[in-house]
Every structure is written in structure tokens, then in C-alpha cells.
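The values are calculated or read from the model by the stated rules, or taken from the named source; none is laboratory data. Worth saying up front: this structure is predicted, and the values here are computed from it rather than measured. Quick reminder, even Gly has a Cβ in these numbers, built from the backbone with ideal geometry, and neighbours come from all protein chains shown. These accessible areas exclude ligands, DNA and RNA; they are computed on the full protein's heavy atoms, side chains included. Shrake-Rupley method; radii C 1.70, N 1.55, O 1.52, S 1.80 Å.
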Amino acid sequence: FKEGNNDSEDAELRFITCQSLWHQIKSETKQIQEDLNKQLFDNLVIFLRRSHSEFQEKTTEWTCRMKSKEIPTAALVLGVNVTDHDLTFRSLSEVLQNNITPYIAFLEAKDCPGVKKLMQKLMGQLMNCYVDVDSSEDEDYVQVSHNRIRCSMTSLISWYESVTKKTDSETPSKKRTSSSRHWQSPPVVVVFKDMESFSTKVLQDFIVISSQHIHELPLVLIFGIATSPMIIHSLLPHSVSSLLCIELFQSLSCKDHLSTIIDKLLLRASFPFKLGEKVLQVLINIFLYHDFSVQNFVKGFQLCIVEHFCSQPVSVLCCQLVDAKKRADSLSHDQCENIRKLPSFRRYVESQVSEKQIALLTEDTYLKETTQELLEDLHVYHENYLSVLRCLHVFTSFLPKYPLGKQIRELHCACLENQVWETEEYESSLQLARMLNKSDLVTMLQQCVEIFVSSSGKEFDNTVEKLKEFLTQFQKLEEAFQEQDVSVSSQKELQKKTDLYHLQKTLLELKESRRSKKLTKFEMLRFEVVDYIDSLVRNYLVPANHKTLHEIAYFNTASVLREHLNAAPRIALHTALNNPYRYLKNQELKSDEGSISNKAPDICIVYKLHLECGRLINLVDWLEAFSTVVMAAEGLNADAASSDQVDDIIHARFIRAVSELELLGFIKPSKQKTDHVARLTWGGC
């Protein structure tokens, strides 16, 4: 946090507030994640208990499955948001360890290129022993204490029997404690975190081997699937997939997960920090068009909090929006001046009479009282805004089309962007709402009554009474229409009169009757309901940037967020190599533009020298230039640097730096001249 001359205490308060909101987001999103996955994990626990109980009791069903050598398998479809899978698997591991079994192994395709490596990784996790994945000498063995155990299914079965016997031989009190969570012989759960990435041969061999020992080892497989359950049949032939007793489990879609996060975290009056329309749209676009990662969305949200509290001095008042105990009376003179600089506060001052303008700009005491009132008004605005927004979302969700968007986040963005009632999408939504039937209208009114009754806003008592009055009037309408449609009788007349004169006369009469037709009671009531909802929208869904002091709570700098989240690797790489001080913050690395610092890392020196060359670079000339810069850095003159030892060291450093540049894609070997390399990048960044 940037500190000025007199605002060190202010910066500390902003840091504490930012840290508090950061931890609050982290804990609440974790709780939301657990709530969303609860049903999925409960179903998995039931599946594992059922499979395991069959093994324990040796029932007829398990005997039949044992004869057919089927392995209980859960196909867990998690969706394409792969970056969120690790968090889901960590939660799954906790649930299984607390309820089913302590013997769980998580396998990834990158660690299991073959069956031997897979068995080594599996036994290493189950036995809680260290496995050197890089060593290829003894890949058939794992080191347990001082013993080396062969990585095979037979060894795994022997280990399982030994640990379960040890559990059986414990004292009764310990046995009761352990059996309260786990069964007497808990299953061995093997989770393939990324099934699509596993080699077909590895999966086939492991399943075939495991099926041969299913009567000795209660093995249960869980396949983590990102795409579709059909991938199981694509990877495994029928002879292998028939060895699995598969049950499908579907997690909540990432879009629904995001909607829940936004609804329970962002669209909540008790949470003081808010996102502006452009910032929220940037985060949603990254989610929809890049990774579908809810965790990355939350990290972007946390980044917005940090940026807001770093860049906005008045953000220290953010928590006062929802905490009535904290008052603006404690504002310092510098904080008062920061409030006076806000554009929204300037507009507010301009709208006041001259006496109030002078008091607001010169008297800190009066400014503090006004700021407290404005903060309370802003909090009331948030409460009312969210209640009416949910009510409007109820109406738009019943429409056959979604001009304003189907999700509440889309409707929220539309309301933040401008006055939503002035848009064509809103007008078309009202037209569609005026054609809804009675049952839909009654259902929507009932849901709106529930929203306003549960709302913390104090201004909706009359609104609730009015909506209940509408419901009562709908109940009294026994018939939707009081007048019979004349179209049936007119059709009979048309059938009788077939000559042209009578036909034209009948059509004109029908047209006149339609023009002069009065609205039914239902139609008038429907128009009245829609107009009333429209009045609520116009009163309460005013864009946030029209409210005074909205800068305290809203983060609107979308360009800063794009700079952080939309990666530009070439620009970042060029900046790091051309100006290492930008990232390392070492004063010795500061240099004038165009010059080469002799204190810079070797790769930076080589990179800046290569920028001065043409298409082909002579390695000998390049080495001489590098040696000159390096020797100047180390304080060596030409005579002292002529020793072979110094030349070898500089030569080795040069070769390493050039190899790193080649790895980064800046140069490549040239076939035209053996002592030259070709340059691959051109132009500035």
C-alpha cells in the first residue's frame, strides 16, 4: 500500500480492511463449494458404503460380482474447468477419510507412464512412504521403513491384510473409536484424477490385473472425467469395461457454480465491496471464454479488492457501509480532503445551495456528518437495489425470450451499465410480460412477495401490501375473459354468406368490433401489475455510478484488471530481459535507456547484445562483446582476464545464456553458417 507523508495510519487501516475482506471471501467461497458438493459427496459415500458392505457381508450380490470379477467404479464427471478439480478432490479426500476409509490414492497421468510406475505411485501413497519417481533403477520396489517391498498386487494384498489384522488386534476401546468412522476392513479407493490423459494400455493392464484379485482386495475406482462418460468406452475395449461395475455421478456445472458465487457473495448488501459493470464483465468474459474456472474468478475478485484498497484512499470507509458502529466522525483532515476530490461528491456539492456548498468545502465537521448520512443512504440503496433486482429477475425468467439475459448476473450488469428502463431489451421484456397468462403472473407475484418480505429493506411494507392486493384480485377473477371471442360466430357467418358483398361487409364489421373491443378485467389487472413492477425498477434500479460516494465501495478500473489477468508473455519477457530492474528492484540494475548494465544477469546481457545484431549473429563476436561487459562488471582488465581459467568461466556462462535464449525462442542454429545463429524475433514490444 502506497503511503504518503501523513497517511501511514490510513494505509494501515486500508490494509487491515483489505485483509479482512480477502479472508472473508476465501472462507465463504470454500463454504459455498462444500455446500454445492455436499449432495455429490453424499451420493459417493452411499455408493462406497454399499459396495463395501457387500464385500464385508459376503452377500450373494458380491459373490456374483466376485465371480464376474467386476470392480465397483464411480464415473465422476466434473466438467471442463480442470483448474477447479484439485480443490474438489481435496474436499473429496477429506470426506472419504472421515467417513469411509483411510486408504485413498490419487493418481495423475503424468506420474503413471506405465503400469510399474502406477503401482509404485499407488503403493507409495497407501503405505505413506517416500517414492523417488525419477529413479528408474528400482521401479519394481518401494522403500517402507528399512524394507524394500516389490510393487505388485500380491504385495499390496499382503500389506492390506497386515494392516487390517493389526486393526482387529487392537484393544476394544481403540477398535470402537476407529470403527466409528471406518469399517473393520475399509476399501482401498483409487482415484484417477484425469482419466482422459491416461494411456489406454496403462488403464487396461491395471484394470485386468485388479479384477483378478478383487476377491482378496476391496478395491474401488473413481474416474475423474472432464468431458463425457463416453470416454470410458472410448479408452477401454468392451472386454475391459465389462470388468467394471460403473455408476455415474455428475457435479454441478461450472456456470451454475459461478451464478451461486455471484448471488451469495457479490449480490449481498452485507458485503461492502462491489464490482463495477466493466470489471465484472471482464471477469465473466475470462470465465466464459478462457477457462471456466470458478477459482480463477474468485482470485480475480480478490485482486480487485487489493487494487481498490491500494489505489483508492477513501476505501478506508468501505466497511462503514454495513457497520453502523463505525462512524465517519473519526475522519482526519486528509481523509476529508480525499472525499472532496471524488467526482460524485463534486456533483453532489454542485447540486446544493451556496451556503451548503461553502460548508461542505470548508468545514470538516459538517462534511463528516454529511458523509455519514450519504454512507447510510448508499447502504439503503444497496439493500433496495438487490431486492428489486431479484424481483425483476423473477419476471424476466418467466418470459419465453430473455432480452435482458437469463442469469441474474447478466441482469445485474445491464442495470449497472446504464438506466435499464431506457434500453430496447427492457421495453421488449415489458411487452412480453404484458402477454403472460394468469398462472405465471400469480406465481411471479408470490415469489416477489417472498423476496420483499425477507428483504432487510424497510421501504417495502407498502410494496408487499400492494402485491398481496394484486394476488387477491387475481383470485377473485374466476374467468380470465368476460367477453366471448366473436371470432367463432363470425366464422359461422362467413360459412353462410359466400358472395363477395356479404363477405366484405362481415370482415369490416369484424375489424370494427376488434377496434372497439374493451380490455377485460384480467388484461387491465395484468397491465397494472407490469406497470407497478416497472415503477419499482425506475425508482430503485438506478445505476450505482449515479449515487454519491459510490467510489468508496465500487472498483471500476477495468484496464488495470485486464493488465493483470490478460497475459502478454512476449511483452513481459522483453521487459524482464531488457530492464531487469522492473522486476528485481535492485538499484545496481538501473541503467540508462540503450545502455547495458554490467551488473545484470548473463541472459539479460546476451539478450540486449543480440538486439543490436542483424538476422545472423556471429557467435565469436557475440562472445567477445559479452566478455567485455562481464569483465567490466568484475573489475578485470584485459591482462588479468587473459588466463585460461577466467576464459573458461566466461565461455561457460555465455554458452548457458545463449542456450536459455534458444530455449525461450529468440534464436535458433543456422544451417547457412555453423558459427552463426539466426535471430527469430523482430520489432519492439
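At a glance:
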item: Within segment 262-421: Cβ-based charge dipole about Cα centre, in debye rounded to nearest 20 (Lys, Arg +1; Asp, Glu -1); result: 580 debye
item: Net dipole in debye of segment 335-410 [+1 Lys, Arg Cβ; -1 Asp, Glu Cβ; about Cα centre; nearest 20]; result: 620 debye
item: Listed residue (385, 330, 312) projecting farthest to the positive dipole end of segment 301-387, Cβ model; result: 312
item: Peptide ranges 253-263, 551-561 listed from the most packed, as the mean C-beta count within 10 angstrom indicates; result: 551-561, 253-263
item: Gyration tensor (alpha-carbon) shape descriptor, segment 205-296, a/c threshold 1.5; result: prolate
item: Added length on full extension, which subtracts the Cα-Cα distance from 0.36 nm per residue, residue 593 to residue 475; result: 34.5 nm
item: Links that overshoot a 18 Å alpha carbon limit, given the list 264/547; 438/521; 110/201; 116/201; 438/476; 255/401; result: 264/547; 255/401
item: Charge context of residue 621, other residues only, Cβ under 13 angstrom, K/R +1, D/E -1; result: -2
item: Fully extended contour minus Cα-Cα distance, from residue 332 to residue 373, at 0.36 nm per residue; result: 13.0 nm
item: Zone residues, segment 661-683, relative to residue 612, backbone N less than 15 Å from point 7 Å out along Cα-to-Cβ; result: none
item: Cα→Cβ-extended label distance, 7 Å offset, between residue 285 and residue 38, nm; result: 3.7 nm
item: Net charge, residue 254 excluded, C-beta distance under 12 Å - Lys, Arg +1, Asp, Glu -1; result: -2
item: Apportionment of accessible area to carbon and sulfur, segment 384-433, percent (1.4 Å); result: 47 percent
item: Distance (nanometres) between label positions extended 7 Å along Cα→Cβ at residue 245 and residue 662; result: 5.8 nm
